[in-house]
Structures are given as C-alpha cells and as structure tokens.
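Structure record follows, encoded as structure tokens.
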Amino acid sequence: PAAVTHVFLTHNHADHSGAAAAMRRELEAASGTSPQFAISAELADDLRQGDAVANGFEWALRVGFYPAGVRLEPCPVEVELADGVRISAGGVEVVAIATPGHSRGHFSFLVSGAGPTFLIGGDHVFWNGRILLQNLPDVDIGAYARSMVTLSELEFSGLLPGHSGVSLEHGKRHVLAALHNFENIGVPPGLF
C-alpha cells in the first residue's frame, strides 16, 4: 500500500467512486500516508461532498442496487483532471483523456512506460465494442460518439474496462467496433 501514490477515478457513478473514502482510510492505515485522489475537475466537488444525487447513488439505493443502510461518504480530492493532463508515478505515465458520454466528466486513462500501453476505459467501452447507456441524467449519446472518435485516434495495446472482460492485446479493436456502429448511425450494443 505504501507504493500507491495516486488513485484515478474514471467517473463519479457510485459503483466507481462510492468506496473512495473507505479506500483512502485503508491505504492511510496500511502505509501512514495518503495517495492523491484524481477525478475530473467537473466532478471533484461532487466527490468531496459525497453528493448521492449527482453520482446516482440515491437512485440506485432506492431501486435496490445497493443494500439498505449503505451510505455514501465524502472523499477529499487532490488532483482535478483536465483533458491531456500527464502524471508520472511508479515508473509509468498516466494521460487523462476526457471521454464524456457514459457520464459527465468521464475520463479514460492511457498508461505507458512499463511494457505495452494500456487504456483504462472505465465505463466508456467494453469487450466487442459494447457500451453502457443508463437511464441517468448525465448520459449524452452525442458526446459518447465523439469520445469514441477520440479513443480511436490513440495508440494502445490493451483495454482495461471498468466491468467485464479485459483485452491485454489488440484492445483497440473494441473501440473500433463501437465506433463502427456510431459511424453507421447506430448505437453499439449494450453491456447488459
């Protein structure tokens, strides 16, 4: 745990950020220091305040996605990300890539320097070009398509999505499959 210097959050939906405060406590207890938490500048205050409405937690709790009694805790944020920000840590470079669409303020991360380059895609793109559209107010299909174009212009070997299968080689094929559907006036298949 002492080697962890940064925690990068792709977005603020509760299944990706809901345990941030608990993770911070665990890392601090194990190492005596706190890593820097990084999230989109657009979402930083929501995470700092533990805004259960902004990140969909309240809605998910109401429909039974989380067990009753679970609560969302605020978490400090040290790094407010903007598109293109580069952070070096642990022998790798992490480049923040703005990829709104699945949610406002969504970021993907291009990680290089320790072997092949990987894209940590959060909930933006999954195996076989699947995407994740949810009935949440911050979903934007037009932004989703534009962000897929952005990712298609990057060079990377592996795709590490926030859910489902990973692709350690030829990961860009999944981005290109999703982009193909968007370019043909369609919507890529959903993850679920």
**OP:** Can you tell me the relative contact order of segment 131-192? Whole percent, Cα pairs under 8 Å, sequence separation 6 or more.
**Re:** 36 percent
**OP:** Give the relative contact order (percent, whole number) for the chain; include only Cα pairs under 8 Å separated by 6+ residues.
**Re:** 17 percent
**OP:** Pairs of Cα atoms under 8 Å, at least six residues apart: use those to get the relative contact order of segment 4-91, whole percent.
**Re:** 36 percent
Subject >> Local net charge near ALA41, Cβ-Cβ under 14 Å (Lys/Arg +1, Asp/Glu -1) >> reply: -4
Original post:
Most mobile of ALA30, ALA38, ALA52 per a Gaussian network model of the chain (Cα springs, under 10 Å)?
Top reply: ALA30
Subject >> Farthest toward positive dipole pole in segment 4-63 [+1 Lys/Arg, -1 Asp/Glu at C-beta], among HIS11, ALA22, ALA41 >> reply: ALA22
**OP:** Compare the peptides 171-179, 145-153 by average per-residue count of other Cβ atoms within 10 angstrom and give them in order, highest first.
**Re:** 171-179, 145-153
**OP:** Counting residues in segment 127-167 as N, plug N into 2.2 N^0.38 Å and put the Cα Rg over that result.
**Re:** 1.29
Original post:
How big is the gap, in Å, between the Cα center of segment 44-73 and the Cα center of segment 109-171?
Top reply: 24 Å
Original post:
Between GLY105, GLY56, GLY91, which gets the highest mean-square fluctuation from a Gaussian network model of the chain, Cα cutoff 10 Å?
Top reply: GLY91
Subject >> Angstrom value of the Kirkwood radius, inverse mean 1/r, which spans all Cα pairs in the chain >> reply: 17.1 Å
**OP:** Work out the length of the dipole vector of the chain about its Cα centre, built from +1 on the beta-carbon of each Lys and Arg and -1 on the beta-carbon of each Asp and Glu, and round it to the nearest 20 debye.
**Re:** 340 debye
Original post:
Calculated from DSSP H runs of 4 or more alone, at -39500 (n - 2.57) each and per residue, what is the 222 nm mean residue ellipticity of the chain, nearest 500?
Top reply: -7500 deg cm²/dmol
Subject >> Neighbourhood net charge (14 Å Cβ-Cβ; Lys/Arg +1, Asp/Glu -1) for VAL4 >> reply: -1
Subject >> Neighbour cut-off at most 13 other Cβ (10 Å), DSSP loop, GluC sites (Glu not before Pro), segment 13-89 >> reply: GLU78
Subject >> Within segment 1-108, trypsin sites (Lys or Arg not before Pro) in DSSP loop having at most 14 other beta-carbon neighbours inside 10 Å >> reply: ARG71
Original post:
Who wins for biggest fluctuation among LEU61, LEU47, LEU81 in a Gaussian network model of the chain, springs between alpha carbons below 10 Å?
Top reply: LEU61
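FYI, it's all coordinate maths here, none of it is from the lab. From a predicted model like this one, the values you see are computed outputs, not experimental measurements. Using ideal geometry, Cβ is built from the backbone for each residue, glycine included, and neighbour counts are taken over all protein chains shown.
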